[in-house]
Amino acid sequence: MSDIDLFEAETAVLANANDVLANDVVSANEYRVALKELVQGYGQLMRESRRLIARSDRTERELNLLNSRLKQLSDELDYKARHDNLTGALNRGAVFDLAHRFLQDSSLSLIVLDIDFFKRINDEFGHPAGDAVIRELVNRLRKSLDGKGEIGRVGGEEFTVLLRNASLDEAVQLAEKVRLTIAGELFSGLPSRPVTASFGVSWSKAGSDFENAYARADAALYKAKHGGRNRVERDAPPLD
C-alpha cells in the first residue's frame, strides 16, 4: 500500500502554476486562474497548518497534564507504601530501611515505646477509641519532638523514634520528655482514664547492625514494662 500524500491537492496546484509560469504563450486570464488557485491552495495550507499546530499544542498541554497527574499518583503511591494509614508515621518497612541508611555513616539512637495496657483500652472502649488514642499519641510525639527524629509505627501500639547522631543521654532525655507529654494530660479520645507508655532506648555507632540496635532497645522496653510501666529504660551502650 503506497503512502498517502497529505498535500496532494496543494502539490497539483503548485505544479499547474509552475507549468503556467514556464509557458510564454499563456493568456493573462490563464495567469489569473493559476494565481487564484495558488492563493486558494496557500490559504488552505495555512488554515490546515494552524489547525495542526493548535491540535499539537493542545495535545502537548494534555500530555503535560497527564504526566503531572502520573507524577502525583506515583508520589501518592510511594507515600502510602512507606507510611502508616492511621497515623501518617513511617511504617515498619520504611523505619528499617531508613535506619539502615542512617547507620551506614552515622551513629543512631533508637527510642522504642509501647502504649501501656492497650489491649484493655480496645476491650473496654472499642477499637475506634483505640485508634483515636494511637492517632493522638503520634500527634503528641510530633509536638514533643519538635522536628527531631523520624517517627515510625512498627506494630499495633508500638512506635519508634530514629535519632541520627544523637547521644544515648540525649535520646533518654527526649524519651522522658515524650513520656511526660503522653502521661501529663488525658487524651481527648479517652477522657475517662489516663494513657501512659513505656520506653526503651539504645545507641549504636556508625556501621552497626540495626536489628541488633532494635533488639537492645526492645529489651530495654521489656525492662520498663516489668519495672512498673510508664517509665524510660536505657540499654547499656555496646562496647567498641
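The values are calculated or read from the model by the stated rules, or taken from the named source; none is laboratory data. What you are looking at is a predicted structure, and each value in this text was computed from that prediction instead of being measured. Note: ideal-geometry Cβ built from the backbone for every residue, glycine included; neighbour counts use all protein chains shown. Note: areas computed on protein heavy atoms with side chains; ligands, DNA, RNA excluded. Shrake-Rupley method; radii C 1.70, N 1.55, O 1.52, S 1.80 Å.
The table below lists the values:
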| read-out | value |
| --- | --- |
| Residue pairs meeting the criteria (Cβ under 9 Å; at least 6 apart or on separate chains; first at positive phi, in region 199-214; second crowded, with 16+ Cβ neighbours inside 10 Å) | Gly207/Leu103 |
| Every residue from region 48-89 that is out of contact with any strand residue (DSSP E or B) (no Cβ under 7 Å at 6 or more places or on another chain), of a type in the set (S, T, N, Q) and not in a helix (DSSP H, G or I) | Asn85 |
| Residue within region 127-143 that is of a type outside the set (A, V, I, L, M) and in contact with a strand residue (DSSP E or B) (Cβ under 7 Å, 6 or more places away or on another chain) present | yes |
| Matching residues, region 219-236, being touching a Ser or Thr at 6+ places or on another chain (Cβ under 8 Å) and modelled with pLDDT under 95 | Asp235 |
| Criterion violated by Val178 - all others in (1) on the phi < 0 side of the Ramachandran plot; (2) open to solvent by 60 Å² or more (accessible area, probe 1.4 Å) satisfied | (2) |
| Single residue of Ser109, Ser144, Ser167 found to be closer than 21 Å to Leu221 by Cα, of a type in the set (S, T, N, Q) and open to solvent by 30 Å² or more (accessible area, probe 1.4 Å) | Ser167 |
| Among residues of region 198-240, those that are of a type in the set (Val, Ile, Thr) and over 23 Å from Arg92 (Cβ atoms), counted | 0 |
| All positions within region 76-101 that are within 8 Å of the chain's Cα centre (by Cα) and either at positive phi or aromatic (Phe, Trp, Tyr) (or both) | Tyr79 |
| Contacts under 7 angstrom Cβ, first residue in region 68-94 being surrounded by 10 or more Cβ atoms within 10 Å (Cβ to Cβ), partner of a type in the set (Asp, Glu) and not in a helix (DSSP H, G or I), 6 or more apart | Leu90/Glu150; Asn91/Asp84 |
